[in-house]
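Only one structure is covered here, and it is reproduced in the block below.
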Amino acid sequence: TPLYLVNHGENGPVRCNRCKAYMCPFMQFIEGGRRYQCGFCNCVNDVPPFYFQHLDHMGRRLDHYEKPELSLGSYEFVATLDYCRKNKPPNPPAFIFMIDVSYSNIKNGLVKLICEELKTVLERLPKEEQEETSAIRVGFITYNKVLHFFNVKSNLAQPQMMVVTDVGEVFVPLLDGFLVNYQESQAVIHNLLDQIPEMFADSNENETVFAPVIQAGMEALKAAECPGKLFIFHSSLPTAEAPGKLKNRDDKKLINTDKEKTLFQPQTTGYESLAKDCVAHGCCVTLFLFPNQYVDVASLGLVPQLTGGTLYKYNNFQVQLDSQQFLNDLRSDIEKKIGFDAIMRVRTSTGFRATDFFGGIFMNNTTDVEMAAIDCDKAVTVEFKHDDKLGEDSGALIQCAVLYTTVSGQRRLRIHNLGLNCSSQLADVYKSCETDALINFFAKSAFKAVLHQPLKVIREILVNQTAHMLACYRKNCASPSATSQLILPDSMKVLPVYMNSLLKNCVLLGRPEISTDERAYQRQLVMTMGVADSQLFFYPQLLPIHTLDVKSTALPAAVRCSESRLSEEGIFLLANGLHMFLWLGVSSPPELIQGIFNVPSFAHVNTNMLTIVKQREQPEMLFRQFLVEDKGLYGGSSYVDFLCCVHKEICQLLN
């Protein structure tokens with residue numbers, strides 16, 4: 001259900017005077033309702049006159065169930081002007097589409113594909129439930145070595161182009177007519193989208209700039225005094241003379257050396273300061289990359305990562321094969337639920353505190369989590385440190401507050417409250433442990449560490465932490481038994497198999513056939529994943545399609561990711577949220593092949609479509625690295641070997 005929206009008018013939300021926590025179910029009303037004690041810092045506050053209400057015989061306010069902020073875990077407040085930039089109401093956000101029109105993109109049909117799709121997808125810009133049309137304004141820029149801004153004001157017969165050649169000092173050549181309402185300017189915009197592919201048809205310019213493109217988009221949003229999102233469609237290493245210029249520094253010789261970490265770091269410091277400026281102006285960057293060779297994802301992806309944007313990558317893009325995937329991504333990215341110019345604070349009751357944050361975020365200090373945008377596909381992982389006494393009766397309280405601007409330009413606060421039980425018994429902690437959340441956390445902290453530490457050290461730390469958690473259980477919670485037995489708590493039965501999958505991921509373990517860009521891309525992807533996504537990503541689903549009952553809508557039960565589960569007469573679908581394979585056993589039943597592919601037999605199946613893998617053929621090598629319980633081709637233990645290794649460490653720790 002949509003969250004309740006609480007509006008206190010000019011008074012704004014009621015907050016604790018000392019720790020600034022927002023009114024929530026953890027506040028205890030006292031003295032006949034005239035004061036309340038804060039559940040987080042215990043400060044006693046006066047209840048503002050407008051908020052006063054009598055208490056019943058239980059000491060609960062009479063309006064308890066009428067007020068979302070007193071009876072629910074999650075709700076929103078309308079924010080007052082104190083919570084807005086320069087103390088004035090925000091303008092609705094804008095989307096700016098920025099298309100790389102260099103020679104190869106025109107040649108392979110990509111520019112035409114993007115322009116055609118924008119005509120339909122702009123009809124579906126996000127809007128508030130009650131609104132007729134979206135309040136989001138749109139703008140268009142094309143670029144190669146220089147930038148082209150377009151005036152698409154609704155009263156123009158033709159769009160007008162303005163060129164900015166000084167990419168060292170980017171300025172916005174027009175204000176009026178650059179950001180427009182799509183409905184009003186639809187005719188001019190369609191006109192422009194028809195013209196762009198023709199306009200650059202004869203261009204043979206192959207060099208591109210990149211940082212100035214982001215700079216231009218940010219300057220345009222800044223001039224319009226609104227937050228927004230840049231959609232950049234880019235395909236090559238930006239080698240033209242300009243800020244953010246990059247060189248090819250890809251070097252496979254660095255794998256397994258102490259210098260390997262440099263492959264994950266940006267080439268220049270310019271991208272980090274650009275990201276900082278973007279966040280300061282509520283400018284989120286989403287990047288669609290179409291590389292045919294090394295493009296330095298570690299550098300190009302940094303701004304999307306730090307501004308809460310998304311990075312999409314389509315290797316060796318071919319219009320006839322890959323456009324479906326790209327267009328689906330583009331549509332869902334434009335339509336999804338999103339908030340802008342956000343800042344998050346996490347408050348806790350005494351005894352523990354938030355110490356580290358992972359996600360598509362930027363931090364200027366240790367407490368404010370800043371996000372140029374936050375959308376429904378992004379998660380922030382928070383690490384808490386238990387550094388003082390916690391009580392079993394009071395529990396541990398958390399309040400997460402996000403201040404943001406909606407798609408219609410309303411400033412709001414979204415509040416989530418969580419009360420956790422505390423126990424003096426270690427066994428209780430193990431009983432309620434959530435392995436999937438642990439894996440999400442370990443993956444993000446390891447992937448953050450690859451920027452600074454040798455990968456070998458990170459892998460050792462992960463094995464060590466796994467052994468420590470299990471040894472501690474063994475020592476303090478398990479009934480005594482022979483040391484030769486490996487004992488796992490029920491809630492952590494699958495921890496080793498997931499941990500082993502994480503250790504074998506290409507980010508932590510380089511392999512000759514995986515490019516540096518692919519590793520940087522997967523690292524970035526995981527940093528913003530939620531728990532369900534990271535769980536599937538590290539341990540794919542393997543579905544036996546041949547057991548499917550065609551008349552039923554139910555999917556067959558997934559089997560374990562190991563070669564031993566495949567059968568010559570089977571057909572299996574493997575998916576991890578990023579890749580999908582259909583594996584065909586050499587003796588797949590002809591009637592199944594006929595039913596799925598409409599060809600008579602295994603030999604007739606064309607492996608160019610989708611990612612179809614035939615048993616005992618070359619592409620099967622790629623498929624096998626997703627069978628995460630098996631031994632890796634280039635290092636990486638099988639699940640069974642990993643269990644033995646962990647068991648050995650546990651025994652050493654206990655001795």
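The values are calculated or read from the model by the stated rules, or taken from the named source; none is laboratory data. Keep in mind the model is a prediction, meaning the values are calculated, not measured. Cβ placement follows ideal geometry from the backbone for every residue including glycine, while neighbour counts extend to all protein chains displayed. What goes into the accessible areas is simple: the full protein's heavy atoms, side chains included, and nothing from ligands, DNA or RNA. Shrake-Rupley method; radii C 1.70, N 1.55, O 1.52, S 1.80 Å.
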How much accessible area per residue does segment 13-127 have, in Å², with a 1.4 Å probe?
47
Net charge near Q183: determine it from the other residues with C-beta under 15 Å of the C-beta of Q183, scoring Lys and Arg +1 and Asp and Glu -1.
+1
Charges only on Cβ, +1 for Lys and Arg, -1 for Asp and Glu: so what's the dipole of segment 51-196 about the Cα centre, in debye to the nearest 20?
380
Just to confirm the filter: which trypsin sites (Lys or Arg not before Pro) across segment 313-386 are DSSP coil and have at most 15 other Cβ within 10 angstrom of their Cβ?
K336, K337
Would you work out what percent of the accessible area of segment 39-89, with all protein chains in place, is carbon or sulfur (probe 1.4 Å)?
55
Just to compare against my own numbers: the Cα pair-distance distribution for segment 365-466, 10 Å bins, whole % per bin, please.
10, 31, 33, 22, 4
Whichever lysines have a C-alpha closer than 18 Å to that of K475, once near sequence neighbours (fewer than 8 apart) are set aside:
K431, K493, K648
Stokes-Einstein diffusion coefficient for segment 183-228 at 20 °C in a medium of 1.002 mPa s, Rh from the Kirkwood formula over Cα pairs: what value in µm²/s?
161
Value of [θ]222 nm, deg cm²/dmol, for the chain, DSSP H segments ≥ 4, -39500 (n - 2.57) each, nearest 500
-8500 deg cm²/dmol
Each residue of segment 554-560 in turn: what ³J(HN,Hα) in whole Hz from Karplus with 6.51, -1.76, 1.60 and θ = phi - 60°, glycine and Pro shown as x?
6, 7, x, 5, 5, 10, 5
Whole-percent pair-distance distribution, where bins are 5 Å wide, for the alpha carbons of segment 233-326:
3, 12, 20, 21, 20, 14, 8, 2, 0
Solvent-accessible surface (1.4 angstrom probe) belonging to Y634, in square angstrom, nearest 10
100
Quick one: grab the alpha carbon gyration tensor of segment 5-73, order the square roots of its eigenvalues as a ≥ b ≥ c, and give me rounded if a/c is under 1.5, else prolate or oblate depending on whether a/b is larger than b/c.
rounded
Taking each pair of different alpha-carbon atoms in segment 142-212 once, compute 1/r for the pair, average those values, and report the inverse of that mean as the Kirkwood hydrodynamic radius in Å to one decimal.
13.2
Report the convex hull volume per residue for segment 216-280, counting only C-alpha atoms, in Å³.
120
Please identify every one of the trypsin sites (Lys or Arg not before Pro) in segment 558-655 that sits in a loop by DSSP and has no more than 11 other beta carbons within 10 Å of its own beta carbon.
R616
Run through the DSSP bridge list for the chain and note the antiparallel percent, rounded to the nearest 5.
70
Excluding same-chain residues fewer than 8 positions from K551, which lysines have a Cα within less than 27 Å of its Cα?
K614
Accessible surface of segment 363-436, 1.4 Å probe, proportion on carbon and sulfur as whole %:
48
In square angstrom, what is the accessible area per residue of segment 192-235 with a 1.4 angstrom probe?
31
Heavy-atom surface of segment 141-186, accessible at 1.4 Å and reported per residue (Å²):
47
Of all DSSP beta bridges having both residues in segment 551-655, the percent classed as antiparallel (nearest 5) is 55
Cβ-Cβ cut-off under 14 Å around P512, Lys and Arg +1, Asp and Glu -1: the net charge is -1
Any aspartates and glutamates with Cα under 16 Å of the K313 Cα? List them, leaving off those in the same chain fewer than 8 positions away.
D100, D296, D322, D329, D333, D517, E518
Whole-Å semi-axes of the chain's equivalent ellipsoid (Cα gyration tensor)
41, 39, 24
Taking the Cα atoms of segment 412-473 alone, what are Rg (to one decimal) and Dmax (as a whole number) in Å?
15.6, 46
Add +1 for every Lys or Arg and -1 for every Asp or Glu among the other residues with Cβ under 13 Å from the Cβ of N464, and state the total.
+1
Scaled radius of gyration (Cα, divided by 2.2 N^0.38 Å) that segment 501-655 gives:
1.18
Relative packing of peptides 21-31, 208-218 - highest average C-beta neighbours within 10 Å first
208-218, 21-31
One checks the Cα atoms of segment 5-125 and finds Rg and Dmax, in Å, of 24.5, 77
Please report the carbon-and-sulfur percent of the accessible area for segment 200-255; probe 1.4 Å, protein heavy atoms only, DNA, RNA and ligands left out.
46
Cβ neighbours within 10 Å, averaged per peptide: list 90-99, 143-152 in order, most packed at the top.
90-99, 143-152
